[in-house]
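A short write-up of the structure that comes next.
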Amino acid sequence: MKNKKPTLIAESFHEDPAVIEAKRILLERLSEHQARVDGVRPPRGELVEQYDETIREFSKARAGNLYFPYLGSGMGNGSLVELADGSVKYDFISGIGVHHFGHSHPKLIEAGIDAALSDTVMQGNLQQNLGSVEFSRLLLDAASDIGEGFDHCFLTSTGVMAGENALKIAFQKKAPASRVLAFEHCFAGRTIAFSQITDKAAYREGVPLTLPVDYVPFDAETALERLNEHIARYPGQHAAMIFELVQGEGGFHVGAEEWFRPLMERCREANIAVLVDEVQTFSRTPSLFATRHFNLGDLVDIIWIGKSSQVCATLFREDWAPRPGLLSQTFTASSGAIAAGCVILRELQTGGFFGEDGRIARWHQWLVERLEKLDSVSGPFGIGAMVAFTPCGGDPARVTALVKRLFEKGVMCFVAGSHPMRIRFLLPIGGLTDAQLEAAWEIVEETIREET
Ligand SMILES: Cc1ncc(COP(=O)(O)O)c(C=O)c1O
């Protein structure tokens, strides 16, 4: 007779009928209460004064105003979210891509309860639980879709740290090459090194130069020529080129395989690592990875993801494994983020989101058709769950005013790019319904007609 696998105390706790029943009751009550978050609502009069005061207090603590007067109550229903002033809004920017499964998603709440019942709030590099293994396994399984060999990943808690880890791996392998190539107007994050790479003057104002970066236009016609010029000017000195296949913060500019491929091939020929920043694109194009969507897996060395996955990760092939000591940190992520990340990775695989007939492609097409009918805006731009348009001729002051007006009317979106400035949506695909999309669009359309 085979020995029965010994049951861990943790397992017996989670399988305790009383614990299971307590969770069932919590989730049942959640469903009842969240059903009341059923459409846009204005702020509640009696809460407004206190709310405004809290916003002012927080702005003072941060030494800077919030972009929106947004403080959530902690309750939502798909793409709808309740704010602490009692108002309810459609969230079509999802925390700039973080709340990809909307608000109060029951499966994420359930994962959060399990995480809250585990021994520690945070998981660390030195000591972590089985969830980190599960997350890595799910991610590497998914990455087999990109192409052969993405068999390794290092988890971390922010997108920029996943990018730093990618760049450190590339520098170590290509040492002593110390220059980096990136696209003009790219966004890569805000550490001191990545503020140099991110191509926006205001984000590096006063920050000492730490990294020499050479820029290539995000442009099919001129990119290769400029890349060749940089390589000729600094032979053997570039360690890596960072590709953002769809520029997110830069304005939802979508690249294409036919001009990315020659650039990547040229990098390989010149011994330059090919790095892809998928922090914003992961799970938003019609394929899980944009690298797969653009069919570039054979030419890419390192990829990193973040935002929607809750846990961030750097993926690399066997021959890019860093030497011991290069990558570490105190936190991997919170127990809740890891548990939620596992749920999200599973749901993304089974939820019918991807492919030509997937929900992402369908919702994209639906919005595109409506935006095309609006004479007062140009576009639409973007791909998949990333949709943008240019109102008011792209004038930054007027576009920002329109974003704030949409907020007041009950739809949250955000700007992208600067000249012209666009309005963008990052659709919360895992929490969205057709009815919510239609209802939110009515507000958007009406507001654009009124304000432009
Ligand atoms: C393309 C891209 N890379 C990196 C980052 C940085 O991620 P994080 O803010 O999690 O550090 C972002 C964030 O917006 C991004 O859009």
Margin query: Could you list, ordered by first residue, the pairs with Cβ atoms under 6 Å in which the first is in region 155-168 and in contact (Cβ under 8 Å) with a residue 12 or more places away in the chain and open to solvent by 20 Å² or more (accessible area, probe 1.4 Å) and the second is of a type in the set (Gly, Ala, Ser) and within 8 Å of the ligand (Cβ to nearest atom), at least 6 apart or interchain?
Written below: 160/189
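Restricting attention to helices (runs of 4 or more DSSP H) lying wholly within region 17-115, give those where 3 or more residues are open to solvent by 50 Å² or more (accessible area, probe 1.4 Å) and of a type in the set (Lys, Arg). Walk me through it before giving the result.
On the way: elements: 17-34, 45-62, 94-97.
Counting at least 3 such residues, we get 45-62.
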Margin query: Return the residues of region 240-259 that are within 10 Å of the ligand (Cβ to nearest atom) and among the β-branched types (Val, Ile, Thr); say none if nothing qualifies.
Written below: 242, 246
Item checked: Single match in 235, 262 (criterion: more than 13 Å from the ligand (Cβ to nearest atom) and open to solvent by 60 Å² or more (accessible area, probe 1.4 Å)) -> 235
Item checked: Residue list for region 278-305, restricted to those being more than 12 Å from the ligand (Cβ to nearest atom) and either in a helix (DSSP H, G or I) or among the aliphatic types (A, V, I, L, M) (or both) -> 288, 291, 292, 293, 296, 297, 298, 299, 300, 302
Margin query: Restricting to region 138-167, and then to whatever is more than 15 Å from the ligand (Cβ to nearest atom) and assigned to a helix (DSSP H, G or I), can you tell me which residue is farthest from the chain's Cα centre (by Cα)?
Written below: 141
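Would you pick out the residues in region 306-341 that are in a loop (DSSP other than H, G, I, E, B), loosely packed, with under 14 Cβ neighbours inside 10 Å and touching a residue at least 60 places away in the same chain (Cβ under 8 Å)? Outline the logic, then answer.
From region 306-341, those in a loop (DSSP other than H, G, I, E, B) are 306, 310-311, 317, 321-330; that's our starting set.
This time we only want the ones that are loosely packed, with under 14 Cβ neighbours inside 10 Å, so: 323-326, 328, 330.
Those that are in a loop (DSSP other than H, G, I, E, B), loosely packed, with under 14 Cβ neighbours inside 10 Å and touching a residue at least 60 places away in the same chain (Cβ under 8 Å): 323, 326, 328, 330.
A quick yes/no check of all residues on (1) basic (Lys, Arg); (2) at pLDDT 95 or above:
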position	(1), (2)
1	no, no
5	yes, no
40	no, yes
46	no, yes
55	no, yes
58	no, yes
76	no, yes
83	no, yes
86	no, yes
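Taking the residues in region 399-451 that are hydroxyl-bearing (Ser, Thr, Tyr) and at pLDDT 95 or above as candidates, determine which candidate is most open to solvent (accessible area, probe 1.4 Å).
Going residue by residue through region 399-451, those that are hydroxyl-bearing (Ser, Thr, Tyr) are 400, 418, 433, 447.
Next, only the ones that are at pLDDT 95 or above stay: 400, 433, 447.
On the way: 400: 36, 433: 65, 447: 0 Å².
Top of the filtered list is 433.
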Next item on the list: Write out, first by first residue and then by second, each pair whose Cβ atoms fall under 8 Å of each other, whose residues are 6+ apart or on separate chains, and whose first residue, in region 175-198, is among the charged types (D, E, K, R) while the second is within 14 Å of the ligand (Cβ to nearest atom).
Entry: 184/199; 184/218; 190/160; 190/198; 190/203
Margin query: Conditions first: (1) farther than 22 Å from residue 176 by Cα; (2) away from the ligand (no atom under 16 Å from the Cβ); (3) touching a strand residue (DSSP E or B) at 6+ places or on another chain (Cβ under 9 Å). Residue 212 passes all but one, so which condition is the exception?
Written below: (1)
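Does at least one position in region 183-191 carry a residue that is part of a helix (DSSP H, G or I), open to solvent by 10 Å² or more (accessible area, probe 1.4 Å) and of a type in the set (A, V, I, L, M, F, W, C)? Spell out how you get there, then give the answer.
The initial filter retains those residues of region 183-191 that are part of a helix (DSSP H, G or I), namely none.
Scanning region 183-191, I find no residue that is part of a helix (DSSP H, G or I), open to solvent by 10 Å² or more (accessible area, probe 1.4 Å) and of a type in the set (A, V, I, L, M, F, W, C), so the answer is no.
Check whether at least one residue in region 104-123 is β-branched (Val, Ile, Thr), within 16 Å of the ligand (Cβ to nearest atom) and either touching a strand residue (DSSP E or B) at 6+ places or on another chain (Cβ under 9 Å) or within 27 Å of residue 291 (Cβ to Cβ) (or both), and report yes or no. Step through it out loud before you land on a result.
Just the residues of region 104-123 that are β-branched (Val, Ile, Thr), to begin with: 109, 113, 120-121.
Next cut, within 16 Å of the ligand (Cβ to nearest atom) only: none.
No: region 104-123 contains no residue that is β-branched (Val, Ile, Thr), within 16 Å of the ligand (Cβ to nearest atom) and either touching a strand residue (DSSP E or B) at 6+ places or on another chain (Cβ under 9 Å) or within 27 Å of residue 291 (Cβ to Cβ) (or both).
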Next item on the list: State whether the residues of region 342-361 include one that is crowded, with 20+ Cβ neighbours inside 10 Å, among the small types (Gly, Ala, Ser) and either within 16 Å of the ligand (Cβ to nearest atom) or part of a loop (DSSP other than H, G, I, E, B) (or both).
Entry: no
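Could you please find all residues in region 192-209 being part of a loop (DSSP other than H, G, I, E, B) and away from the ligand (no atom under 16 Å from the Cβ)?
So the first thing to find is which residues in region 192-209 are part of a loop (DSSP other than H, G, I, E, B), and the list is 198-200, 205-209.
Residues satisfying the conditions are 205, 206, 208, 209.
The values are calculated or read from the model by the stated rules, or taken from the named source; none is laboratory data. Remember, predicted model here, so these are calculated numbers, not experimental data. Cβ: placed from backbone, ideal geometry, glycine included. Neighbour counts: every protein chain shown. Accessible surface is based on the protein model in full, side chains and every heavy atom, while ligands, DNA and RNA are left aside. Shrake-Rupley method; radii C 1.70, N 1.55, O 1.52, S 1.80 Å.
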